[in-house]
Amino acid sequence: MRLARIETFVLPAAAAVLIGLLPAESTAQAPIDPAMIAAIRAEELNHSTASDLFYTLTDVLGPRLSGSPAYDRAARWAMDRFRQWGLANPHLEPFKLGPAWTLEKLTLEMTAPRYTPLEAYAAAWSPSTSGVLTGTPIYVGDNTIEEIDALGSRLRGAIVLTARPQTEFLSKDRPEPSEGAEPVKTGNPPFPGPSSRTPQADILSRLQKYGAGAALAPSATQHGTVRVQGNPATPPDAVPTLVLAAEQYNMLVRLVKAGEPLKLRVEVGVRFNQERLDSDNVLAEVPGTDPVLKDEVVMVGAHLDSWHTAVGATDNADAVSATMEAMRILTALHVSPRRTIRVALWGGEEQGLVGSRAWVAQHLGDQAARDRISVYLNDDPGTGKTYGFYMEENASAKRIFDAWLAPLADLGVRRNVIEGIGSTDHVPFVQAGVPAFTTIKDFENYDVRTRHTNADFADAVKAEDVRQSAVVLAVFAWQAAMRDQRIPRAR
């Protein structure tokens with residue numbers, strides 16, 4: 001699949017002039033390689049595989065829950081691409097996660113007072129139901145713990161509505177920080193949880209004790225969007241848990257309270273593999289060639305895993321595709337970087353940065369090892385074009401990155417911001433004292449619509465934005481690999 005020409009990826013005269021106008025201090029700290037920038041852009045323009053990579057990840061391979069057989073297929077596919085492109089040492093590195101989990105069947109239907117299929121998803125690592133469950137649901141959203149205990153045996157095998165109707169929603173995306181020059185607030189917006197008189201954890205504990213058949217809860221996203229996650233530490237005897245579209249959940253509660261003859265039918269079928277407790281990171285590299293600097297490493301990466309309800313297009317197949325394409329560009333150009341350029345596709349990001357934390361713990365345990373990492377460039381939060389980087393309060397590195405961003409201005413980059421951001425795979429590197437930065441992307445429809453939801457399909461991403469991001473990553477990786485000094489550490 002080949003995209004039609006979307007942007008001019010060759011170095012324009014205006015950009016070359018801009019390079020000449022950069023302050024001497026900036027260019028001295030971050031010399032620009034216009035010939036290589038032009039070559040990178042031409043390679044992406046004329047031989048792009050970015051859309052092939054993206055649509056394979058999303059449409060063909062689909063959701064990539066950490067540790068699952070689907071994730072394993074994606075990891076092997078990525079490793080094979082690296083090998084075909086000629087990267088050195090493509091391999092998988094395991095880390096502990098928990099049992100492999102696969103959803104094989106899910107049905108939730110209202111059968112009375114009329115028939116309606118309901119939009120619901122099982123929480124990841126939730127167990128199966130004991131066959132098909134039918135009956136009138138029991139509502140406990142307004143119950144005290146004593147009132148739940150009083151239900152006792154009535155809860156055995158029951159379908160339980162665990163929360164009040166959902167009235168609080170995440171209704172606004174976080175601001176995109178590269179616009180303007182003011183200080184910005186970064187980080188995930190607060191996500192409302194289900195409301196109930198008794199805390200949800202206590203309700204689920206009681207339902208487990210009394211042998212409830214299934215627990216239903218609403219999503220805090222609107223208009224049929226369902227946001228679902230899960231925990232690999234979920235005990236195998238937990239109550240099967242499903243998250244519903246809020247509007248449908250609210251309807252069920254109203255029907256119960258009105259005394260209508262409500263009937264539901266639910267079945268969840270999952271498969272666990274208790275022998276498969278690992279997941280894998282995927283790594284490969286372009287070896288350095290400088291006798292002095294070749295053991296130093298510039299890393300680029302993104303998280304390969306996703307949640308299980310859609311195909312993880314914006315979180316994070318677009319970034320994985322851009323990262324892989326950046327490495328393909330460099331190998332296609334037969335580059336000889338001074339430092340080694342290493343790519344890492346992480347697993348377990350959605351479960352708490354498990355894969356990247358495990359890699360940092362295994363490989364960066366002493367100062368000498370940490371000093372060998374010049375910089376880590378991560379691609380994750382948001383979607384769309386790359387506008388710049390979150391610079392983690394590292395003013396010295398920001399001056400360098402600002403100079404590197406300037407010749408890409410016609411591609412839609414904007415600025416690097418001095419602020420940092422958490423909740424993605426550069427964080428373990430920052431905590432280890434290694435310069436690590438993640439890309440700035442757009443957040444339109446990301447927080448309220450696609451992130452961790454059943455709406456995260458390929459249509460939410462523009463393939464030309466993946467191509468632009470690949471160019472930015474390739475340029476920054478090359479510049480970092482070729483400069484005389486490592487990227488400065490934060491002070």
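The values are calculated or read from the model by the stated rules, or taken from the named source; none is laboratory data. Bear in mind the structure is a predicted one, so any value in this text is a computation, not a measurement. Glycine also receives a Cβ, built like all others from the backbone with ideal geometry; neighbour counts cover every protein chain displayed.
Limited to the stretch 79-106, what total is found for residues that are touching a Pro at 6+ places or on another chain (Cβ under 7 Å) and under 28 Å from residue 48 (Cα atoms)?
Adding up the residues that qualify gives 4.
Return yes when residue 444 is within 20 Å of the chain's Cα centre (by Cα), at pLDDT below 95 and within 22 Å of residue 312 (Cα to Cα) and no when it is not.
yes
State whether the residues of the stretch 339-347 include one that is outside any helix (DSSP H, G or I) and over 25 Å from residue 483 (Cα atoms).
yes
Would it be correct to say that residue 243 is closer than 21 Å to residue 159 by Cα and buried (at least 18 other Cβ atoms within 10 Å of the Cβ)?
yes
From the residues in the stretch 147-186 that are hydroxyl-bearing (Ser, Thr, Tyr) and more than 23 Å from residue 108 (Cβ to Cβ), which one is surrounded by the fewest Cβ atoms within 10 Å (Cβ to Cβ)?
Ranking the candidates gives 153 first.
From the list 420, 412, 388, which one is touching an Asp or Glu at 6+ places or on another chain (Cβ under 8 Å), small (Gly, Ala, Ser) and in the same structural domain as residue 469 (by TED's automatic domain parsing)?
420
If a residue counts only when it is closer than 30 Å to residue 335 by Cβ and modelled with pLDDT of 95 or more, which strands (runs of 3 or more DSSP E) contained entirely in the stretch 26-122 have at least 1 such residues?
Output list reads 88-96.
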